[in-house]
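Visitor: Got a structure for you, questions after.
The values are calculated or read from the model by the stated rules, or taken from the named source; none is laboratory data. Owing to the predicted nature of the structure, the values given are computational and were not obtained by experimental measurement. Cβ atoms come from the backbone with ideal geometry, glycine included; neighbour counts cover every protein chain shown. Surface accessibility is based on the protein's heavy atoms, side chains included, excluding ligands, DNA and RNA. Shrake-Rupley method; radii C 1.70, N 1.55, O 1.52, S 1.80 Å.
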Amino acid sequence: MNNNTSFCLKTERLTIVPQSLKYLQSTHEYASDRQNMRFMIYLPNDTIEDTKQFLARAEEEWNSPAQRDFECAILRDGEHIGGISVTLSGPDVFGQEELSVAAAASTDNGCEKIAAASTNNSRPTIAASTDSAQSTPSAELGWCLKKSAQGSGCAQEAAAALIQWTNKTFGVTRFIAHCDTENIASWTTMENLGMKRVGRAGGRRNKLAPEEEREEFAYELELSDEWVTLSRFDMKNLPQVVQVVLPLWAPPSDDEAFARLDVEFIVRNNIYQPRFSFQLADKKRSPDNELLSAAFFTLKDGANTARAWLEENSRACSDSQKASLEMVKAYLEYMDKKALSFMKSDDIKLSLYVSRKRGMGAALLEKLLPRLAAKGYKNLYLWTDSDCNWKWYVKHGYLLVSQEVYAPFSSPGRDYTTFIFKKPLV
């Protein structure tokens, strides 16, 4: 997909668009300014060819189907006054400057980088996150303004817009920045963005004085407490959960109403007591507290009303549709019963979690699991199957306690494998 044609952010004074060779001369003007770039690790650019190569890479990345780097030009009244970039990467990005050489080399005016970490099927895959990231997302951000535009607040305005976009698009909630301790303009901008100074370290070497060891400040901004609220799941948000999993779990059928009925039953089958149903919602930027993610748990003796609901709502289904629903019911009942057989009374089962925003499923679990442990629950159990990225659980400390082939959903040459995982909470 070519993102180059659709990305555009607008603020009160600025327009932020994809960086490209169109801005070669104006980019080189600020990227080669030795006085302006004296505190930078990767700047200034020595030749216009350096800047040209960077812009060519930026264009190539914007046209990539797996884009990680978002290099942008900042325009004010049509004039190109600087650049700003976000680079998606892993959660351990802070302190690893080699991960963002290209970004820092041409779009950094004092914020070397702002790194961030947010606190993820043809048949139903229970407890399988529908968060496509399958890991905690991170991001780095850098900016650079031409000298005549500095002191105007444009860097702060552009950074705030890109931070918000990164949060909404990728679920990033924690931002970290560092800069030379003498770069007052840089750390002042960080503080104006609401960031807090959290550290000071040596070992920094700027490009114009590579023999001189410098010090740098580290700053941090945590958005989750401000923008995201944890609460009991509100059943009015059930349609949003169904909409997330519908493309993944819908049975082969031309009857859209039946497909939705089937999937809604699967979701309802995993909603037990209200006190074990949770959600993250956007409480600040959405007037309706937009649902970000949801998670449902149950105890060993938990029960739900899903089968009674299905009986009431499937009366108009055809015989073949009812037979399909019976297969789903049998599968859910079999796997639920098997997972519960491993549990004791002080264990708890994760029945389902879904995410409408990238990274918010993992963020929700990060908030909930310590609370469950504090309540005295010893182990978390869940079941899933081979239609899910089950290896995600292995990477995150879940122990495989059972694995088997489920024959009714298997076919020649393709085993439908089920897994039961356990995660110690204490």
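Visitor: Can you tell me which residues in the range 137-190 are modelled with pLDDT under 90, surrounded by 19 or more Cβ atoms within 10 Å (Cβ to Cβ), out of contact with any helix residue (DSSP H, G or I) (no Cβ under 8 Å at 6 or more places or on another chain) and part of a helix (DSSP H, G or I)?
Guide: Ala161, Leu162, Ile163, Thr166, Phe170, Ser186, Trp187, Met190
Visitor: Is the range 303-311 home to any residue that is aliphatic (A, V, I, L, M) and open to solvent by 40 Å² or more (accessible area, probe 1.4 Å)?
Guide: Checking the range 303-311: at least one residue is aliphatic (A, V, I, L, M) and open to solvent by 40 Å² or more (accessible area, probe 1.4 Å).
Visitor: Follow-up. What number of residues in the range 247-258 are surrounded by fewer than 17 Cβ atoms within 10 Å (Cβ to Cβ) and closer than 23 Å to Ser293 by Cα?
Guide: Count: 1.
Visitor: It is to be established whether one or more residues within the range 68-84 are open to solvent by less than 10 Å² (accessible area, probe 1.4 Å), at pLDDT 90 or above, in contact with a Cys (Cβ under 7 Å, 6 or more places away or on another chain) and not β-branched (Val, Ile, Thr).
Guide: Looking for residues that are open to solvent by less than 10 Å² (accessible area, probe 1.4 Å), at pLDDT 90 or above, in contact with a Cys (Cβ under 7 Å, 6 or more places away or on another chain) and not β-branched (Val, Ile, Thr), one finds at least one in the range 68-84, hence yes.
Visitor: Within the range 369-426, restricting attention to residues that are more than 23 Å from Phe278 (Cβ to Cβ) and in a loop (DSSP other than H, G, I, E, B), which residue is least open to solvent (accessible area, probe 1.4 Å)?
Guide: Tyr416
Visitor: Got at least one residue in the range 141-153 being in contact with a Cys (Cβ under 9 Å, 6 or more places away or on another chain), of a type in the set (Phe, Trp, Tyr) and under 17 Å from Leu88 (Cα atoms)?
Guide: Yes.
Visitor: Residues of the range 22-43 being surrounded by 20 or more Cβ atoms within 10 Å (Cβ to Cβ) and either at pLDDT below 90 or within 22 Å of Cys179 (Cβ to Cβ) (or both), which ones?
Guide: The answer is Thr27, Tyr30, Ala31, Asn36, Met37, Phe39, Met40, Ile41, Tyr42, Leu43.
Visitor: With the requirement that a residue be outside any helix (DSSP H, G or I), aromatic (Phe, Trp, Tyr) and under 30 Å from Gln164 (Cα atoms), what does the range 226-281 give you?
Guide: Those that are outside any helix (DSSP H, G or I), aromatic (Phe, Trp, Tyr) and under 30 Å from Gln164 (Cα atoms): Phe233, Phe278.
Visitor: Here's something else I'd like to know. In the range 341-358, is there at least one residue being assigned to a helix (DSSP H, G or I) and open to solvent by less than 10 Å² (accessible area, probe 1.4 Å)?
Guide: Checking the range 341-358: not a single residue is assigned to a helix (DSSP H, G or I) and open to solvent by less than 10 Å² (accessible area, probe 1.4 Å).
Visitor: Given the condition surrounded by 17 or more Cβ atoms within 10 Å (Cβ to Cβ), β-branched (Val, Ile, Thr) and not in a helix (DSSP H, G or I), answer yes or no: does some residue in the range 44-57 qualify?
Guide: Looking through the range 44-57, none of the residues is surrounded by 17 or more Cβ atoms within 10 Å (Cβ to Cβ), β-branched (Val, Ile, Thr) and not in a helix (DSSP H, G or I).
Visitor: Let me ask something additional. Select from the range 175-218 the residues that are of a type in the set (Val, Ile, Thr) and in contact with a Lys or Arg (Cβ under 8 Å, 6 or more places away or on another chain) and list them in ascending order.
Guide: Thr181
Visitor: State all residues of the range 312-340 that are aliphatic (A, V, I, L, M), in a helix (DSSP H, G or I) and open to solvent by 40 Å² or more (accessible area, probe 1.4 Å); if no residue qualifies, say none.
Guide: Residues satisfying the conditions are Ala323, Met327, Ala330.
Visitor: Return a yes/no flag: does the range 225-237 have any residue that is closer than 20 Å to Met40 by Cα, open to solvent by less than 70 Å² (accessible area, probe 1.4 Å) and among the β-branched types (Val, Ile, Thr).
Guide: No, that holds for no residue.
Visitor: State which residue is most open to solvent (accessible area, probe 1.4 Å) when the search covers only the range 191-224 and only residues that are touching a strand residue (DSSP E or B) at 6+ places or on another chain (Cβ under 9 Å) and of a type in the set (A, V, I, L, M, F, W, C).
Guide: Selected residue: Val198.
Visitor: In the range 225-271, which residue that is among the charged types (D, E, K, R) and over 18 Å from Ser320 (Cβ atoms) is modelled with the lowest pLDDT?
Guide: The extreme case among them is Asp225.
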